[in-house]
Amino acid sequence: MATKKITLTFFALFLSVVAKAQFDTHFTHYWGLQGYYNPAAAGLSGRLNIYGTYAMQMAGYTNAPATMLIGADMVLPTAMKNQAVSANLYNESIGLFTNQRLFAGYSYRFKLWGGRMAIGASAGSLEQKFDGSKVEAEENTDVAFPSSEVDGMGLDLTAGVFYTHRIFYAGLSVMHLTAPTIDLGEMHEIKIDPTFYLSGGCSIQLKNPLLSIQPSIQVMTDLQAWRADLTVRGTYTYDEKRYYVGLTYSPLTSVAILLGGEINSVSFGYAYELFTSGVGLIHGSHDLYVGYVMDLELFKKGRNKHKSIRIL
């Protein structure tokens, strides 16, 4: 009976949270996932860029959220080099809930004010599931709660702009432009509000040529609730290898500790987020990140050699 009460309470809480706050998971390594938040950021490195992250939130709690994201983007070859494509797969589990997004994007870049402006859009599906059949409890007679697996799907669109200069970048995007409504069984429906993302960052070279600082910011809001992340990373570069340590502060929410680097085109990172809103130090969130970039050799050798941007 206790399991039933916990699960049904969690079901009601999930519906309430989705209705009153942002739907999307927050990733601590947001600066490495620009192609996920903003389709206009596709192709920034000029190479094939593959990335993934796994976030385990509120560690130690039963039914705590766990989220995985895998994505890739690349610039189109030769005459279409000002265009890029991207694809992302997102999967989140919260107890007996599952949220999945699969979407593909396109961006077009052009020169502007000494840098490059890009506009982009992506489209895909957003699916939600609740597996009521796994509730180990007495027979549920409350028809307001599903006792079997229920799911729903909606069309999901994202659009954005992204500007890059020699030392800084800035982007603005809107997820869930269609404000999809997901029918979860006959008794419930969930409407996902559009969510706005504003991001920016730069690279500051110190007097020591081996040291640099990368400040960055991301603000997300659905015009009802908001979250801002202010990040500072200190980077040490030697023999084409990079290592960084950093901190992220989110007002009224959390502080995160960051460690990572890049070796032989493979980037990696780990972050631990400590919540300041009463959850406690031992119930923070773990965030793992890995990325890989490679040159595109689709045609003649040397035609597609590029250097990746070092400000992200």
| When you look at M58, is it among the aliphatic types (A, V, I, L, M) and touching a helix residue (DSSP H, G or I) at 6+ places or on another chain (Cβ under 6 Å), yes or no? | yes
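Take F168 and tell me if it is within 20 Å of P39 (Cα to Cα) and modelled with pLDDT of 95 or more.
Working: within 20 Å of P39 (Cα to Cα): yes; modelled with pLDDT of 95 or more: no.
Spelling it out, it is not the case that F168 is within 20 Å of P39 (Cα to Cα) and modelled with pLDDT of 95 or more.
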| task | Go through the stretch 247-279 residue by residue and tally those that are closer than 13 Å to T231 by Cβ, modelled with pLDDT of 95 or more, small (G, A, S) and surrounded by fewer than 21 Cβ atoms within 10 Å (Cβ to Cβ). | result | 0
| Can you tell me which residue in the stretch 246-261 is farthest from the chain's Cα centre (by Cα), limited to those that are at negative phi and not in a strand (DSSP E or B)? | P251
| request: Scan the stretch 95-109 and report the pairs whose first residue is over 17 Å from G152 (Cα atoms) and in contact (Cβ under 8 Å) with a residue 60 or more places away in the chain and whose second residue is among the hydroxyl-bearing types (S, T, Y) and assigned to a strand (DSSP E or B), with Cβ atoms within less than 7 Å and a gap of 6+ or a chain change. | output: G105/S86; G105/S122
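Using the structure shown, decide if L184 is out of contact with any Cys (no Cβ under 8 Å at 6 or more places or on another chain), within 16 Å of F130 (Cα to Cα) and not β-branched (V, I, T). Spell out how you get there, then give the answer.
Values: out of contact with any Cys (no Cβ under 8 Å at 6 or more places or on another chain): yes; within 16 Å of F130 (Cα to Cα): yes; not β-branched (V, I, T): yes.
Criteria met by L184.
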| query | Inside the stretch 44-92, can you point out the residues that are crowded, with 22+ Cβ neighbours inside 10 Å, small (G, A, S) and free of Cβ contacts under 8 Å to residues at least 40 places away in the same chain? | reply | G71
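The values are calculated or read from the model by the stated rules, or taken from the named source; none is laboratory data. Just so it is clear, the structure is predicted and the values come from calculations on it, not from any experiment. All Cβ positions, even for glycine, are placed from backbone atoms using ideal geometry, and neighbour counts span all protein chains on display.
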